[in-house]
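Some notes on the structure that comes next.
The values are calculated or read from the model by the stated rules, or taken from the named source; none is laboratory data. Being a predicted model, the structure only gives us computed values, none of them experimental. Cβ coordinates were reconstructed from backbone atoms using ideal geometry, including for glycine residues, and neighbour counts include every protein chain displayed. Note: accessible area is taken over every heavy atom of the protein model, side chains too, but ligands, DNA and RNA are not part of it. Shrake-Rupley method; radii C 1.70, N 1.55, O 1.52, S 1.80 Å.
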Amino acid sequence: MSTTSADWSQTPERSNRVALRAMCWAALTLGRRVAHLLLVPVSLYFLLAAAGPRRNVRRYLNRVLGRPARWRDCFRVIHAFAITVVDRIYFLRGHAGRFEVRVHGPDTVLSVLTGGRGAFLMGAHVGSFDAIGHAGRLKGGMRIAMLMYPDNARQINAVLDAIAPDAERAAVIALGRPEAMLTVRDWLEGGGLAGMLVDRTISTAVRRDATRDIPFLGTPAPFSEGPFRLAALLRRPVYFMAATWAGGACYDVYFEPLADFSTPAGSAAAQDARIHRAMDAYVARVERLCREAPYNWFNFHDFWREDAQ
């Protein structure tokens, strides 16, 4: 099978450790305002040099804005992404007090998440995961481990090594290994939360996700069933998580219930229906968040697989 731009897992990361360490020095030495100004030429370069991501950002913006996207719109997405990367330095280096992190979620949801009952947190490539982790520490009791495939785990660890080598990190559980299921089960039984960003699918010669096409921003897009089937298999509740950058030093963090697989469904057909309802609820929540904060979508790949058509 040939690799297309839809195969995000085969696309190398554009960042490098030297650049990240330089930006880390600038952020900590010159301050957040100066660091954000330095991101303007960096974002412009990425906008000009990265034709594929630029094309995919424009496709997304055309849909979410309901009009042809301008260059300024594309720049805003890329610049917002760069800002969340720099802000990650402050979150990881213990400077989170400079941010206003507003947590939105019913008290019942927050009490469950901090009550030691293992659950899944399903998110997307929207906004900042570090703000979610900070919100969890603010509320107390949230122990979040990110579930990801080994290549992605290596990439994120390389980034964290460059940004904050001595920082306390969220746990990472590598999927696709024989022991992965037992590791996830044990983490959940210990009261941990298993976080997954489930708005990408894999379709390569090595592995292919089972997907459903679900309307998203007016056009069907493939969403993986795997994370929801894992939650159903392990009989755990599922919550939506996201943290959008609201401008300045402010982040909005959201936790919402999506589904509860704690009790048996009764039949395979009933289980499938329950999984599909959870997926539909997830997609609807991501779409609503994109419309509310359109420049926080950082999924720069061929999401609707238009290049393969």
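Worth a mention:
- Complete set of residues in region 200-220 that are open to solvent by less than 30 Å² (accessible area, probe 1.4 Å), at pLDDT 95 or above and not in a loop (DSSP other than H, G, I, E, B): I214, F216
- Cβ-Cβ under 8 Å pairs, at least 6 apart or on other chains, region 171-194 side open to solvent by less than 70 Å² (accessible area, probe 1.4 Å), far side among the polar types (S, T, N, Q): V172/N157; I173/T183
- Enumeration of residues in region 58-113 that are open to solvent by less than 70 Å² (accessible area, probe 1.4 Å), farther than 26 Å from C24 by Cα and modelled with pLDDT under 95: V103, G105, P106, V109, L110, S111, V112, L113
- Residue among D252, D272, D280, D302 that alone is touching a residue at least 40 places away in the same chain (Cβ under 8 Å), part of a helix (DSSP H, G or I) and within 27 Å of T219 (Cβ to Cβ): D280
- Residues satisfying the stated conditions in region 255-269, i.e. outside any helix (DSSP H, G or I) and out of contact with any Lys or Arg (no Cβ under 6 Å at 6 or more places or on another chain): F255, E256, P257, L258, A259, D260, T263, P264, G266, S267
- Residues that are in a strand (DSSP E or B) and of a type in the set (A, V, I, L, M, F, W, C), drawn from region 221-243: A221, F223, V238, F240, M241, A242, A243
- Matching residues, region 266-308, being open to solvent by 10 Å² or more (accessible area, probe 1.4 Å) and touching a Cys at 6+ places or on another chain (Cβ under 7 Å): none
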